[in-house]
Amino acid sequence: MNGKKRIAILGSTGSIGTQALEVIEEQGNLYEAYVLTANNSTDKLIQQARHHRPAAVVIANEAHYTKVREALADLPIKVYAGTDALCQVVEDDNVDIVLASMVGFAGLRPTISAIKAGKMIALANKETLVVAGELIVRLAAEYQVPILPVDSEHSAIFQCLEPGNRIEKILLTCSGGPFRTFTEEELQHVTKAHALAHPTWNMGAKITIDSATLMNKGFEVIEAKWLFGVSPEQIQVIVHPQSVIHSMVQFEDGAVKAQLGMPDMRLPIQYAFSYPRRLKASFDRIDFFKTKDLTFEQPDTKRFRCLALAYVALARGGNMPCIVNAANEIANKAFIDDRITFNRISEIIEQSMAHIPFAADTSLDTYMQTDKETRKYAQSLI
């Protein structure tokens with residue numbers, strides 16, 4: 001062993017994955033990229049593998065296996081393909097940390113495998129807790145595995161916690177997305193190009209659309225419930241367009257602690273890797289003399305129905321958040337493909353919530369079946 005922590009990055013070609021590799025490169029004496037995975041982005045995965053020289057790569061889409069294997073044939077890198085390989089590779093004895101940064105429901109099974117293998121989880125795949133929060137929290141306790149949040153908001157909350165002092169309220173900040181000031185009429189006519197132009201964060205297409213609908217914030221509400229053991233009533237979403245305050249915690253005596261920083265995902269990624277230490281880094285610093293006024297607004301759940309639906313799903317529990325996630329993934333993709341309008345996204349989610357049978361059971365089999373049924377039904381609405 002070389003003393004470095006070895007990191008498996010599930011979803012290395014996405015926004016979080018690529019920034020994680022930047023962190024690993026900057027802190028090269030402490031970390032190494034041991035496993036890299038992607039779904040379809042073969043060229044980028046090959047480029048990353050040739051640069052970082054991991055022990056293994058996994059291309060989830062088996063149709064691309066030959067291309068990746070041949071491109072890396074001259075290097076001592078093991079090449080695997082398929083969903084089962086994702087689950088197996090995180091169990092490698094040499095892996096210390098698993099960065100779960102795959103997008104969507106696909107990240108659930110590999111994360112469960114990593115927990116059962118006793119790996120520390122740096123969690124960026126919010127859908128894992130949205131879909132199966134109760135199961136994941138139970139497994140993490142059973143296998144004594146720490147789950148460290150990578151989402152900027154949840155990392156901020158985590159950094160504000162005080163051991164022994166109870167949370168009265170979580171103040172979850174939200175940029176409001178690109179359509180914060182749009183009327184209901186204007187929202188009827190927004191385009192994919194408009195929705196993909198996030199005002200402060202640079203993210204992948206799926207998450208950027210979710211941010212525009214505020215579904216992303218709804219998912220973060222559900223995620224916060226499971227990460228921090230609070231009730232839905234203790235989680236308040238606050239629209240903060242400047243994205244300087246990444247979230248806040250209010251304690252029982254009324255004191256509020258906030259975590260501030262530039263909108264740079266490398267900071268929460270690095271903190272998840274190094275916790276409880278803070279490492280010197282080259283990230284930009286806030287210049288408070290140049291910082292504009294910080295403003296706060298209530299979210300409009302009438303115009304942005306997805307946020308309200310997330311609260312409904314969280315209150316209902318069982319497989320309802322799983323239904324919301326699956327319907328959203330289908331509707332989100334349909335909007336990106338120009339097959340539905342922006343406002344139709346929330347309508348498809350709400351119709352799916354009403355149609356798919358509710359199940360209080362929170363087993364993996366229930367989640368898998370619910371996800372399958374919901375996707376089929378949501379697709380029929382497009």
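The values are calculated or read from the model by the stated rules, or taken from the named source; none is laboratory data. The structure displayed is predicted, hence computed values, not measured ones. With ideal geometry, Cβ positions are generated from the backbone for all residues, glycine too; neighbour counts draw on all protein chains shown. Side chains are part of the model used for accessible areas, which takes the heavy atoms of the whole protein and leaves out ligands, DNA and RNA. Shrake-Rupley method; radii C 1.70, N 1.55, O 1.52, S 1.80 Å.
Averaging 1/r over each pair of different alpha-carbon atoms in the stretch 199-311 and inverting the result gives 16.0 Å, the Kirkwood hydrodynamic radius.
Note on the stretch 115-263: Cα Rg divided by 2.2 N^0.38 Å, N the number of residues, gives 1.10. Directionally averaged projected area (the stretch 245-338, Cα convex hull): 10.8 nm². Stretching the chain fully between Leu364 and Lys302 yields a gain of 19.0 nm (0.36 nm per residue, less the alpha carbon separation). Treating only the Cα positions of the stretch 86-128 as identical point scatterers, give the base-10 log of I(q)/I(0) from the Debye formula at each q in 0.28, 0.33 Å⁻¹. Scattering profile of the stretch 86-128, log10 relative to I(0): -0.95, -1.25.
Exposure check, 1.4 Å probe, all protein chains in place: Ile136 carries approximately 0 Å² of accessible surface. Comparing Ala33, Phe335, Ser15 along the charge dipole axis of the chain, the residue lying farthest to the positive side is Ala33, per the Cβ-charge model. Taking the charge dipole of the stretch 252-318 about its Cα centre, with +1 at Lys and Arg Cβ atoms and -1 at Asp and Glu Cβ atoms, the residue from Ala272, Gly261, Val312 reaching farthest to the positive side is Ala272. Using equal-weight Cα scatterers in the Debye expression, the normalised intensity of the chain in log10 at q = 0.08, 0.12, 0.13 Å⁻¹ is -0.39, -0.93, -1.10. The largest-to-smallest principal axis extents of the Cα set in the stretch 132-208 are 48, 25, 22 Å. Rounded to the nearest 10 square angstrom, His64 shows an accessible area of 50 square angstrom against a 1.4 Å probe. Among Asn332, Asn125, Asn94, the largest mean-square fluctuation in a Gaussian network model of the chain (Cα springs under 10 Å) belongs to Asn94. Percent of accessible area on the chain owned by carbon and sulfur, 1.4 Å probe? The computed percentage sits at 49.
Have a look at Glu127, Glu22, Glu185 and tell me which one the Gaussian network model of the chain (Cα, springs below 10 Å) gives the largest fluctuation. So, out of Glu127, Glu22, Glu185, the one fluctuating most is Glu185.
When the Cα atoms of the stretch 38-127 are aligned to their principal axes, the ranges along those axes come out at 33, 26, 20 Å in descending order. What stretch of the chain, leaving out the sites themselves, is the longest with no trypsin sites (Lys or Arg not before Pro) in a DSSP loop having at most 14 other Cβ atoms within 10 Å? Result for the longest clean stretch: 1-165. Seen from all directions on average, the stretch 70-173 presents a Cα convex hull projection of 8.6 nm².
Here each label is just a point 7 Å from Cα along the line to Cβ, and for Arg375 and Thr66 those points are 2.5 nm apart. Of the residues Phe283, Phe219, Phe273, the one that moves most in a GNM of the chain with alpha-carbon contacts below 10 Å is Phe283. The DSSP beta bridges internal to the chain are antiparallel in roughly 25% of cases.
Accessible area per residue for the chain, computed on protein heavy atoms with a 1.4 Å probe, is 44 Å².
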